[in-house]
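Written out below as structure tokens is the structure these notes cover.
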Amino acid sequence: MSTTSLRYDDVQVGDEIPALEIPLTRTLIVATAIASRDYQDVHHDPELAHEKGSPDIFMNILTTNGLVGRYVTDWSGPNTVLTSVKIRLGAPNYPGDTMVLTGSVVKKADGVVTVGLRGANSLGDHVTGTVSLMLPDPPISWSADGGEAAGKDAKRAAKKAKRDKKKSKKSKKDKKKGAKK
């Protein structure tokens, strides 16, 4: 997991995302189903899952969706904004198996990066799809004197400019009210 975020200019079409292996434990499958409030018995009761035709309990789609998001943001960093997650489920994720997520950058345009990904287990593809995301730009702002400000100074300068603009609008309104009286 990265503690710094990639920038849009750091990423190119074709860039590979490091693989992520996820051991599919019974605890992971049950705990994440309960955490996502999915109480369907096929996600926590092996006997009832078997009665419904499944060899065992299996992972729910909400967990898969969360793991896909984790996979992408572990690579891109904490300032990433996911704008679209489009996934399709295939082979179930059963306890005792391992899912390996792999992916690469398939598109980059207009400030949006699209990652194509695949999560496979011993039965085949559990999940395939794309995730679109926005990465932060370098923090650039302009100070009141027209010079460039960076980092915390940029945030302060942007907030000050916003306050000054509001004060200016209020002052103009007050002047207009005074002129009408």
- [ ] Would you please classify the overall shape of segment 1-42 from the alpha carbon gyration tensor, given that a ≥ b ≥ c denote the square roots of the eigenvalues, rounded means a/c under 1.5, and beyond that prolate means a/b larger than b/c while oblate covers the rest?
- [x] prolate
- [ ] For Thr98 and Arg70, compute 0.36 nm times the residue count separating them, minus their Cα-Cα distance, and round to one decimal in nm.
- [x] 8.5 nm
Task: FRET E, pair Asp56, Asp10, Förster distance 41 Å, beta-carbon r, rounded to 0.05 - done: 0.50
Task: Cut-off under 5 Å, modelled amide H: who pairs with Asp97 long-range - done: Leu24
Task: Within segment 8-77: Cβ-based charge dipole about Cα centre, in debye rounded to nearest 20 (Lys, Arg +1; Asp, Glu -1) - done: 260
Task: Accessible area in square angstrom per residue, segment 36-108, 1.4 angstrom probe - done: 53
Task: Full-stretch length increase - Thr27, Thr128 - with 0.36 nm per residue and alpha-carbon distance subtracted - done: 34.0 nm
Open item on the list: Given R₀ = 22 Å, what would the calculated FRET efficiency be for Arg37 paired with Val85, taking r from the Cβ atoms and rounding to 0.05?
Closed with: 0.70
Open item on the list: Residue by residue through segment 77-91, what is 3J(HN,Hα) from phi via Karplus (6.51 cos²θ - 1.76 cosθ + 1.60, θ = phi - 60°)? Round to whole Hz and write x for glycine and proline.
Closed with: x, x, 8, 5, 10, 6, 9, 7, 10, 10, 10, 10, 8, x, 5
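The values are calculated or read from the model by the stated rules, or taken from the named source; none is laboratory data. Just so we're clear, the structure is a prediction, and the values are computed from it rather than from any experiment. Glycine gets a Cβ as well: all are built from the backbone with ideal geometry, and neighbour counts include every protein chain shown. With ligands, DNA and RNA removed, areas are computed over all heavy atoms of the protein, side chains included. Shrake-Rupley method; radii C 1.70, N 1.55, O 1.52, S 1.80 Å.
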